[in-house]
Every structure is written in C-alpha cells, then in structure tokens.
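Everything on this sheet refers to the single structure shown next.
The values are calculated or read from the model by the stated rules, or taken from the named source; none is laboratory data. Just so you know, these numbers come straight off a predicted model, no measurement behind them. In this analysis, Cβ positions are derived from the backbone assuming ideal geometry, glycine residues included, and neighbour counts consider all displayed protein chains. Note: areas computed on protein heavy atoms with side chains; ligands, DNA, RNA excluded. Shrake-Rupley method; radii C 1.70, N 1.55, O 1.52, S 1.80 Å.
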Amino acid sequence: MTHASPPTTYSPARIRETVQELLAAEGLPPIVQAGHPVLRQHAAPFEGQLEPDELTQLIVLMRKVMHAAPGVGLAAPQLGVPLQLAVLEDQFEIDEATAAARGRTPLEFFAMLNPSYSRLGDGTASFFEGCLSLSGLQAVVERPESVRLDYAMPDGGQVTKDFSGWQARIVQHETDHLHGRLYIDRAELRSLSTNSEYAARWAEPGIGSASRELGFPAGAQAGREAEADQAEAV
C-alpha cells in the first residue's frame, strides 16, 4: 500500500528558526530517528527561507554530521529541518569485487536543493541498504540502476545529471528522504537484518546467500548471480 506524505507543518519562519538553533548549538546535532514526524512529511521546497550565509553554514554542518556518522548522504529532515536539501559524498574505500558487483565508484561531494529523479531504462539492482535514521538496521532494496536527477545548486544554478550504479542508489535514497519516504518503504522486509547479523552473514558483494537463506526473491540481481555461479562451475 502506498501512502502519500503530508506536507510539512513548519512555516518558513520556523524552518529558519530551527536552522539558526542548529547553527548556534555547540557540537554536532544528533540525527533524527525513525518515528519522528519530520521524516514522514514532504519537506518544503527551498524558496529562499534561509539567507545565503545560513544555507552555506547549514550545508557545512550537514557534511560534518555525515562524515562523523559515517554515511554517504544526509538530508536536512534528518537534522529536524523539513527543507528540500541534501548532501551526498562517497569516498569510502571498498574491495574491488564489491565495487564491481555494486557498480560503486567515488562520488564527489555536492549539495542538492529541490531534487527529483526519473528512472532511465528498465534495469534494476537489489542490495542491502541502511539509513542513519534507522540506526543498526539494513534491508534489501530494489531500485532502478540508472536515474536522471534534476536539482538546484546552492548558488541557484539548475542541474540535470545522470547517475548509475551505487551513485544512483544514493541519489534516490536522499531524494526519497525529502519526500517523506524511508528505504523500508521499498525494502524486502524478510531481509531486514541488524548490522551485526549483516556483518556476520551477508556482507558479500551480492545478495544471493541472503535471498536463499532468508527466503525472499531477489529479482534481476539474483539472476545475474546465479548465471555467474553457473559460469564459474563450467
């Protein structure tokens, strides 16, 4: 069942006040966890609610929180700010086999405002995915392999850019946050695992083992893994 996210109840003045409180506080703010309504509301499009210097400072703060978590993306609602703003960056070092299986390449830092995406082609990929707002959990999510992202830059410029592989997954995950969606809305719930169980059992490039042992379909990704296993056996 699909549920529409209600619009944020925050006024522009309250959004700015919330940001000013974050910027004035000492240390890094905590990441809002699932159950808080700000994560389930449609964030307000950025329409100048913040002064340019406030927007810049908020982006710097969000990047620091993302690095400290650590994570590869952070949306403003995850700091309690229902504004369509997210930061993204993936510079983690991972082994070559995992990088190849997941189509994972480094993603340079950028901030996006008012993003929306559309799928490119029919290809999908299924992998375990986590979220800083659902601490300690992961689940398999099937997503389009490639998407086209439209967004505004902090300086007001408009960008259209195509992403594929793991970069496309990050883009979709963070954009969903701004529309009140969490990855569990799209997840195969039979795959839901704690981080410790994931690390002990399912931390492999693909999801074939988890699919078989936890009893959930894995779609196109499982098919590709089965073909690879057969090829190796031959």
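Open to solvent by less than 30 Å² (accessible area, probe 1.4 Å), more than 24 Å from GLU51 (Cα to Cα) and in contact (Cβ under 8 Å) with a residue 60 or more places away in the chain - does that describe any residue in segment 140-163?
The answer is yes; a qualifying residue exists.
For GLN221, which of the numbered conditions (1) open to solvent by 20 Å² or more (accessible area, probe 1.4 Å); (2) in a helix (DSSP H, G or I); (3) at pLDDT below 95; (4) not aromatic (Phe, Trp, Tyr) fails to hold?
With respect to (1) open to solvent by 20 Å² or more (accessible area, probe 1.4 Å); (2) in a helix (DSSP H, G or I); (3) at pLDDT below 95; (4) not aromatic (Phe, Trp, Tyr), GLN221 is out only on (1).
Out of curiosity, is THR124 farther than 21 Å from VAL60 by Cα and hydroxyl-bearing (Ser, Thr, Tyr)?
yes
Report yes if some residue within segment 121-131 is free of Cβ contacts under 8 Å to residues at least 60 places away in the same chain and either of a type in the set (Ser, Thr, Tyr) or open to solvent by 20 Å² or more (accessible area, probe 1.4 Å) (or both); otherwise report no.
Yes, segment 121-131 contains a residue that is free of Cβ contacts under 8 Å to residues at least 60 places away in the same chain and either of a type in the set (Ser, Thr, Tyr) or open to solvent by 20 Å² or more (accessible area, probe 1.4 Å) (or both).
Mind checking which residues of segment 185-203 are in contact (Cβ under 8 Å) with a residue 60 or more places away in the chain and either farther than 23 Å from ALA34 by Cβ or aliphatic (A, V, I, L, M) (or both)?
Of everything in segment 185-203, nothing turns out to be in contact (Cβ under 8 Å) with a residue 60 or more places away in the chain and either farther than 23 Å from ALA34 by Cβ or aliphatic (A, V, I, L, M) (or both).
Taking the options VAL159, VAL141, name whichever one is modelled with pLDDT of 95 or more and closer than 18 Å to THR98 by Cα.
Exactly one residue qualifies, and that residue is VAL141.
Just to verify a result, which residue in segment 164-191, among those that are buried (at least 17 other Cβ atoms within 10 Å of the Cβ) and charged (D, E, K, R), is nearest to ALA210 (Cα to Cα)?
The selected residue is GLU188.
Check whether at least one residue in segment 45-52 is under 20 Å from ALA13 (Cβ atoms) and small (Gly, Ala, Ser), and report yes or no.
Looking for residues that are under 20 Å from ALA13 (Cβ atoms) and small (Gly, Ala, Ser), one finds at least one in segment 45-52, hence yes.
Test of understanding: among ARG148, ARG169, ARG119, which residue is among the basic types (Lys, Arg) and closer than 30 Å to ARG201 by Cα?
The match here is ARG169.
Just need a number here: residues in segment 180-218 that are assigned to a strand (DSSP E or B) and at pLDDT below 95.
0
Quick check on segment 88-102. Is at least one of its residues of a type in the set (S, T, N, Q), closer than 16 Å to THR175 by Cβ and within 16 Å of the chain's Cα centre (by Cα)?
no
Applying the selection to segment 10-32, what residues are of a type in the set (A, V, I, L, M, F, W, C) and closer than 12 Å to ALA76 by Cβ?
Scanning segment 10-32 gives ILE15, VAL19, LEU22, ILE31, VAL32.
Find all pairs meeting these conditions: Cβ atoms under 9 angstrom apart; at least six residues apart or on different chains; first residue within segment 49-61 and under 20 Å from GLU26 (Cβ atoms); second residue open to solvent by 70 Å² or more (accessible area, probe 1.4 Å).
GLU54/ARG16; GLU54/GLN20; LEU61/LEU28
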